[in-house]
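Asker: Below: one structure in structure tokens.
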Amino acid sequence: MRKLIAIVALTCLTAISYAADLTWSDNYADSLSKASSENKLVFADFTGSDWCPWCIKLDKEVLSTPEFAVYAKDNLILFKADFPRNKTLSEEVKDQNVRLMDKYGVMGFPTILILDKEGEIVATMGYEQGGPIPYIASIKKAIAGYKPVYKTKTQRSLDELREMTGDSQLAADKSDAPDTIGYFDSMFKNHN
């Protein structure tokens, strides 16, 4: 009986240490880079951490639990786009978070986006009742059918140009877009 108690206690301590070791980044570019190098998805939490009741509830019931920590450590890069009222963020982080909120069309909190290494949305989630085990099951179900999209250098450049100019239709509604992409691809191949 003592051995069983010792094993249970050790398991609990290990899970708690996982939760304490979770690292949330506030740097979007670093999160994508880390996701690419570790072959993981980004768990992007758009939150009002100190004022939004559902955000606080999600954090308490799921994101701060040992169960979520164990799953996240092996499968996710954690990124937080916070919009606090009583906590100070750097201007750089505030600007980044507002741009990301606009880019992804986030309309409320909490919004959870599961992103691939290119920053493409794999799944969208929010608060779900039931605690960490059902929430992790929802994440697994949401990403189960995910197949990575491989983009050429030109396609990534067009995406960046669309983002810089705000023209989401740039080459997207033109009948010659595939020819344009092929042309730019051949240019990149000749210069590499």
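Asker: May I ask you to say which residue of ALA81, ALA44, ALA35, ALA72 is assigned by TED's automatic domain parsing to the domain that holds GLN129, modelled with pLDDT of 95 or more, touching a Lys or Arg at 6+ places or on another chain (Cβ under 6 Å) and surrounded by 21 or more Cβ atoms within 10 Å (Cβ to Cβ)?
Answerer: Of ALA81, ALA44, ALA35, ALA72, the one residue that is assigned by TED's automatic domain parsing to the domain that holds GLN129, modelled with pLDDT of 95 or more, touching a Lys or Arg at 6+ places or on another chain (Cβ under 6 Å) and surrounded by 21 or more Cβ atoms within 10 Å (Cβ to Cβ) is ALA35.
Asker: On the given criteria, is LEU100 surrounded by 17 or more Cβ atoms within 10 Å (Cβ to Cβ), touching a residue at least 60 places away in the same chain (Cβ under 8 Å) and out of contact with any helix residue (DSSP H, G or I) (no Cβ under 7 Å at 6 or more places or on another chain)?
Answerer: On the way: surrounded by 17 or more Cβ atoms within 10 Å (Cβ to Cβ): yes; touching a residue at least 60 places away in the same chain (Cβ under 8 Å): yes; out of contact with any helix residue (DSSP H, G or I) (no Cβ under 7 Å at 6 or more places or on another chain): no.
So LEU100 fails the test.
Asker: List pairs: first residue in region 105-125 and at positive phi, second residue among the hydrophobic types (A, V, I, L, M, F, W, C) and at pLDDT 95 or above anywhere in the structure, Cβ distance under 8 angstrom, at least six positions apart or on different chains.
Answerer: Once the first residue is at positive phi and sits in region 105-125, its partners that are among the hydrophobic types (A, V, I, L, M, F, W, C) and at pLDDT 95 or above give GLY119/LEU32; GLY119/VAL42.
Asker: Further question on the same structure: What about SER138, is it more than 23 Å from GLY48 (Cβ to Cβ) and either modelled with pLDDT of 95 or more or of a type in the set (Ser, Thr, Tyr) (or both)?
Answerer: No: the conditions fail for SER138.
Asker: Here's a follow-up. On the basis of being under 22 Å from ALA35 (Cα atoms), modelled with pLDDT of 95 or more and in the same structural domain as VAL62 (by TED's automatic domain parsing), does THR88 make the cut?
Answerer: Working: under 22 Å from ALA35 (Cα atoms): no; modelled with pLDDT of 95 or more: yes; in the same structural domain as VAL62 (by TED's automatic domain parsing): yes.
Answer is no for this residue.
Asker: Shifting gears a bit: Has region 23-31 got at least one residue that is modelled with pLDDT of 60 or more, farther than 24 Å from PHE109 by Cα and in a helix (DSSP H, G or I)?
Answerer: Looking for residues that are modelled with pLDDT of 60 or more, farther than 24 Å from PHE109 by Cα and in a helix (DSSP H, G or I), one finds none in region 23-31, hence no.
Asker: Moving on to the next point. State whether one or more residues within region 113-129 are of a type in the set (Asp, Glu) and part of a helix (DSSP H, G or I).
Answerer: no
The values are calculated or read from the model by the stated rules, or taken from the named source; none is laboratory data. For clarity, every value in this text was computed on a predicted model and none was experimentally measured. With ideal geometry, Cβ positions are generated from the backbone for all residues, glycine too; neighbour counts draw on all protein chains shown.
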